[in-house]
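As structure tokens, the structure follows; a few thoughts come after it.
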Amino acid sequence: VVGGSVNLAAPLVMRVERCGADTRYAAIVGLMQEAATQRPAAARWADRWAGPFLWAVLCLAGLGALVWSAIDPPRAIWVAVSVLIVTCPCALSLATPSALLAAAQALARRNVLLRRIDALEPLAGMQHLFLDKTGTLTTQRPHLERIERLPACGDLSEAELLRLAASLAGWSTHPLSQALCEAAVSHGRSQTWHEVREEAGAGIEAIDVRGRRWRLGTPRWAGGAAGNAAAEAAAGSAAADAAAGAARAGPRVHLSREGEVLACFTFDESLAEGAAHALAQLRADGVALTLLSGDAQPCVQRLARRLGIDATQALGGATPERKLE
């Protein structure tokens, strides 16, 4: 059972195979602890030079004491101590690891985990940055962009269609369902439903008080072949927009009643706060950017255009293994 999964239907039996130190959470904590105890290359370099540097400082302090013992004997000891304080041999070994550890902790507070503290130094010379999309450049939850009324909806208004869809979506924890509910907060009371059922990867269905079956989900789920035809008709209505570069690549949800698709709800992703500004700064510094995502290619390309990322560097349909590769 993958973390974050939601059980939609029948009870299930789960066998716990890993716990405690074997969990993924423990592995992440272990990475942080390992990073905190590593001796970076800069620290090892400082350690190698700390010994010779210490002897050189002691020799300089002794030489200064000898010289001032001839010039002004009462001040000789203070000159030697001053040389030791100003040069501070211990700082050579302490400053580097202290600074790196403080930087790693500051990054951790900003949700950036380092596998190796060594990565901090070459990061300053970074030339190419690979970025994930959802939850990194965008927020976790999309927002409703527009509602399209289809011929079968009759005299139902957009507000009424949104209220009905949100009322049905309230029975689901899917991100698109939650986005519908948020968009309809001010659209009145919810509908009464019976025999509510959710099908994974398809949508949710229920029966209203008049015995009519409603569905909310993919076009195939909402209305079968008729639903696909209606969805294609809705997509055709945006041909002019697509030609102008505003193709609707965002995810969609369809609402149907007794197999007739009434409306299409199109969603868009919200950029994470500061994402566009951060990428602009990186480009100004000469850093090449590549966007990787498991979402469909049109959706990834659309976001790349919004962020000014080259289309050839926006790759959709990428599995976690492909991203790592």
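Each reported figure results from applying straightforward, stated rules to the coordinates on display, with no laboratory input. Please read these numbers as outputs of a predicted model, since none were measured by experiment. Because the Cβ atoms are built from the backbone with ideal geometry, glycine has one as well, and the counts that use them run over all protein chains shown.
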- Item | Alpha carbon centroid spacing (whole Å) that separates the range 54-107 from the range 109-159 | 51 Å
- Which residues' amide hydrogens lie under 5 Å from the amide hydrogen of residue 23, considering only partners 5 or more residues apart or on another chain, with H built in the peptide plane? none
- Note on the structure: For 288-297, 99-108, ranked highest to lowest by mean beta-carbon neighbours within 10 Å, the order is 288-297, 99-108
- Query: Near the amide H of residue 146, under 5 Å away, which other amide H atoms are found, from residues 5 or more places off or on another chain, if H is placed in the peptide plane?
  - Reply: 266
- Using packing as a proxy for protection, rank 125-134, 260-269 so that the peptide with the highest average count of other Cβ atoms within 10 Å comes first. 260-269, 125-134
- In whole Hz, with x marking every Gly and Pro, tabulate ³J(HN,Hα) for the range 64-73 from phi via Karplus 6.51 cos²θ - 1.76 cosθ + 1.60, θ = phi - 60°. x, 5, 4, 5, 6, 5, 8, 7, 8, x
- Could you run the Karplus curve 6.51 cos²θ - 1.76 cosθ + 1.60 with θ = phi - 60° over the range 200-206 and give me ³J(HN,Hα) per residue in whole Hz, x for Gly and Pro? 4, x, 10, x, 10, 9, 7
- Residue by residue, what Karplus-based ³J(HN,Hα) values in Hz, rounded to whole numbers, does the range 172-179 have, using 6.51, -1.76 and 1.60 with θ = phi - 60° and x for Gly and Pro? 10, 9, 4, x, 5, 5, 5, 5
- How would you order 299-305, 147-153 from highest to lowest mean count of nearby Cβ atoms within 10 Å? 299-305, 147-153
